[in-house]
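Have a look at the structure below, then the notes.
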Amino acid sequence: MDRVTWRTQVLSNHLNQTSMSSPLSPNPCVGFSPPELSEPFEFDTKEMRKLLDAHNLEDRDWLFGLMKQSKLFNPREAGGRVFVSPDYNQSMEQQREMTMKRIAYLLDRGVFEGWLTEKGVEAELRKLALHEVIGIYDHSLAVKLGVHFFLWGGAIQFFGTKRHHDKWLRDTENYTIKGCFAMSELGHGSNVRGIETVTTYDSNTGEFVINTPCESAQKYWIGGAANKCVFRFDNVRIPRENLLNSVADVSPDGQYLSAIKDPDQRFAAFLAPLTSGRVTIAVGAIYSSQISLAIAIRYSLTRRAFSVTPKGPEVLLLDYPSHQQRLLPLLAKTYAMSFAANHLKMIYVKRTPELSKTIHVVSSAFKATLTWHNMRTLQECREACGGQGLKTENRIGPLKGEYDVQSTFEGDNNVLMQQVSKALLGEYIAAQKRSKPFKALGLEHMNKPCPVIPSQLTSSTLQSSQFQMDAFCLRERDLLNRFAMEVSERQKQGESKEYSVILSYQLAQDLGRAFSDRTILQTLLDAEAGVPSGSLKNVLAMLRSMYALICLEEDPAFLRFGYLSTDNVAAVRKEVSRLCAELRPHALALVSSFGIPDAFLSPIAFNWIDANSWSSVQH
């Protein structure tokens with residue numbers, strides 16, 4: 001018998017074996033045990049979810065149910081469960097077609113009702129809640145809707161007057177009109193003032209004539225107009241009546257009119273719709289972190305590796321201190337940032353003209369901080385799941401690709417952080433000139449005596465909320481003083497204020513981070529203060545301590561500028577490790593509190609053995 005014939009016979013015998021003798025039958029030595037059997041909940045996860053989601057829980061669950069009911073959302077069975085997530089194996093054209101079908105399905109069932117035509121805090125919170133749920137299913141779908149409703153629709157709401165509202169809002173809400181948002185150009189993104197598209201008013205016809213004068217002026221990254229779409233204008237004429245004129249107008253004879261005389265203030269008013277984008281991006285980033293942590297932590301509570309004694313049982317991944325250190329500080333940060341995201345939403349929906357600067361600064365800081373945190377969390381969760389973290393069906397890998405764009409769209413994160421520091425510098429200079437106390441952006445702590453950090457830090461001190469806030473305020477205060485001094489010194493040497501700020505970018509980045517961390521800590525303290533004594537409050541205190549101390553450990557500024565001694569930094573690191581062990585028994589309860597339905601997680605979050613069994617693969 002020749003070798004080819006022999007190999008063919010061997011393969012044939014393998015394929016024709018009965019199921020009883022199949023070498024592909026499940027390994028009886030490895031079994032799955034639901035973590036709920038060995039991980040009791042010591043606090044009320046439903047109450048914790050109320051704190052995390054904060055509003056419209058019934059609306060959220062209603063929409064989760066709508067998506068689970070329809071085959072449009074790509075349900076598939078694995079390990080005896082049904083999961084829903086986009087089919088990334090489809091072509092780009094197929095995915096776009098499916099996105100529009102999903103939008104039509106949601107539209108027909110009233111999901112978008114009132115998103116543009118109803119006013120008030122309750123209507124806005126409902127819209128935000130439903131948009132967040134859609135993002136948990138598919139970031140691309142959420143972005144498509146975000147551009148249509150928040151950018152295009154928001155621009156009409158903010159800048160339009162009654163004639164524009166009557167003409168376009170209802171039709172936009174019903175998707176009779178499909179909106180795009182074209183601000184970025186090939187040559188200009190963050191520098192909006194530098195865009196090169198030219199608009200000329202023709203008083204003879206009462207029209208604006210729009211032209212693209214050069215290749216760098218082509219409209220690029222057009223929200224809602226597909227990935228590869230660009231706009232070039234060649235004498236495109238737009239009726240004067242179509243100008244959204246609540247902030248500025250052009251008279252029939254061509255005079256520019258605006259009640260806001262200061263050009264900087266007027267420019268800021270024109271950027272107002274972008275604030276909603278930063279809000280939704282920051283919030284969406286935290287829900288992405290919740291998904292990846294729920295998957296990775298559930299997997300680590302059932303997946304074992306290596307034994308610590310000869311012939312002993314293998315150890316659960318999350319029982320390794322190193323694995324705890326990888327995931328549990330990120331879990332605490334995600335909790336802290338969930339409360340921060342809720343704070344941002346509330347000041348946004350209750351906005352007043354007096355709050356415009358606060359909303360701009362906080363949304364810029366949180367958009368940068370929360371999206372950076374999300375990408376770090378996704379990467380760590382991907383690695384913590386090993387090769388399973390790369391599989392499309394397990395979600396984390398695709399989430400990395402989907403959410404990476406958040407670091408640069410709606411404002412490059414580094415640029416946003418510099419804007420935060422410039423705003424803080426402005427408050428500092430204004431307070432110095434007026435010789436009056438600070439009273440904005442949470443800087444009131446600057447009016448108090450400078451905090452003093454104890455030379456020796458005990459465990460009880462490190463877990464004290466007073467110490468934690470003192471450390472954060474000391475860092476922010478000192479960095480703001482240093483930043484202001486460095487900019488001033490550069491100006492004395494003949495540099496412009498603007499260039500002096502640019503040259504001081506290192507302190508600007510440190511200061512932006514300090515402001516964001518301190519503001520996030522305050523929102524967590526506020527949430528904790530609103531909970532009565534008991535197990536829920538105790539867990540929140542642990543999360544708050546973990547958040548504060550991991551920030552102390554990870555920011556070199558605390559050591560670089562001497563806020564903490566080397567001994568204190570060592571004590572912080574030791575306490576973080578101890579907190580990991582304290583949080584470990586609550587890990588399952590904490591990710592269950594996210595309230596994300598099982599169908600929106602992934603197979604490795606549950607019975608990953610059955611999901612990968614031969615019978616399941618065949619099915």
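The values are calculated or read from the model by the stated rules, or taken from the named source; none is laboratory data. Quick caveat, the model's predicted, so the values are computed rather than measured. In this analysis, Cβ positions are derived from the backbone assuming ideal geometry, glycine residues included, and neighbour counts consider all displayed protein chains. In case anyone asks, the SASA skips ligands and DNA or RNA and just uses the protein heavy atoms, side chains included. Shrake-Rupley method; radii C 1.70, N 1.55, O 1.52, S 1.80 Å.
Anything over 31 Å Cα to Cα? Flag those among LYS400/LYS537; LYS71/LYS178; LYS71/LYS400, in the order listed. Beyond 31 Å between Cα atoms: LYS400/LYS537. Between the residues THR461, GLY530, GLY442, the greatest Cα displacement towards the positive end of the dipole of segment 414-532, with unit charges on the Cβ of Lys, Arg, Asp and Glu, is found for GLY442. The packing ranking of peptides 522-530, 136-144, 238-246, highest mean first, is 136-144, 522-530, 238-246, where packing means the average number of other beta carbon atoms within 10 angstrom of each residue.
Taking 0.36 nm per residue of separation and subtracting the current Cα-Cα distance, fully stretching the chain between ASN612 and CYS214 would add 137.8 nm. Packing around the peptides 256-266, 91-101, 559-569, 216-226, taken as the average count of other Cβ atoms within 10 Å per residue, puts them in this order, highest first: 216-226, 559-569, 91-101, 256-266.
Remark: segment 458-523 carries a charge dipole of roughly 40 debye about the Cα centre, counting +1 on each Lys and Arg Cβ and -1 on each Asp and Glu Cβ.
For the chain, the membrane-span-like helix rule (DSSP H, alpha carbon extent of at least 27 Å along the helix axis, mean Kyte-Doolittle at least -1.0) picks out 272-300, 321-349, 356-384, 413-434, 465-492, 505-529, 535-554; this says nothing about an actual membrane.
For GLU185, nonlocal amide neighbours, meaning residues 5 or more places apart or on other chains whose placed amide H falls under 5 Å from its own, are TYR220.
When peptides 278-290, 43-55, 185-197 are ranked by their average number of other Cβ atoms within 10 Å per residue, the highest-first order is 278-290, 43-55, 185-197. Spacing of the modelled spin labels on SER91 and ARG560, each 7 Å from Cα toward Cβ, amounts to 5.1 nm. Each label point was placed 7 Å from the Cα along the Cα-to-Cβ direction; for GLU241 and SER533 their separation is 6.8 nm. The alpha carbon convex hull volume per residue for segment 36-122 rounds to 152 Å³.
Look at the dipole of segment 238-297 built from charges on Cβ: of GLN255, ALA282, LEU243, the Cα furthest out on the positive end belongs to ALA282. Once the chain from GLU47 to THR199 is taken as fully extended at 0.36 nm per residue, the excess over their C-alpha distance is 49.3 nm. Remark on GLY79: its backbone amide H falls under 5 Å from those of ALA611, a criterion applied only to residues 5 or more positions apart or on other chains, H modelled at 1.01 Å from N. Just the accessible area per residue of the chain, please: how many Å² with a 1.4 Å probe? For the chain, the solvent-accessible area averages 47 Å² per residue.
Counted by Cβ distance under 14 Å from ILE550, the other residues give a net charge of +1, where Lys and Arg count +1 and Asp and Glu count -1. For the pair THR161 and ARG304, the difference between a 0.36 nm per residue extended length and the Cα-Cα distance amounts to 45.3 nm. Can you find, among PHE64, CYS473, LEU130, the residue sitting farthest towards the positive end of the charge dipole of the chain, where Lys and Arg contribute +1 and Asp and Glu -1 at Cβ? Checked the options; the winner is CYS473. Around the Cα centre of the chain, unit charges on the Cβ atoms of Lys, Arg, Asp and Glu (plus for the first two, minus for the last two) sum to a dipole of about 260 debye. Near ILE222, once Lys and Arg are set to +1 and Asp and Glu to -1 for all other residues with Cβ below 13 Å from its Cβ, the sum equals +4.
Quick one: in the chain, what % of C-alpha pairs are over 43 Å apart? Tail of the P(r) past 43 Å holds 30 percent of the pairs.
Quick check: at a probe of 1.4 Å, how many percent of the accessible area of the chain sits on carbon and sulfur atoms? The computed percentage sits at 54.
When both segment 485-529 and segment 372-411 are represented by their alpha-carbon centers, they are found 29 Å apart. Against the compact-protein benchmark of 2.2 N^0.38 Å, the Cα-based radius of gyration of segment 192-269 scales to 1.24. Using the Cβ-Cβ distance between ASP264 and ILE502 with R0 = 22 Å, the FRET efficiency computed as 1/(1 + (r/R0)^6) comes to roughly 0.80.
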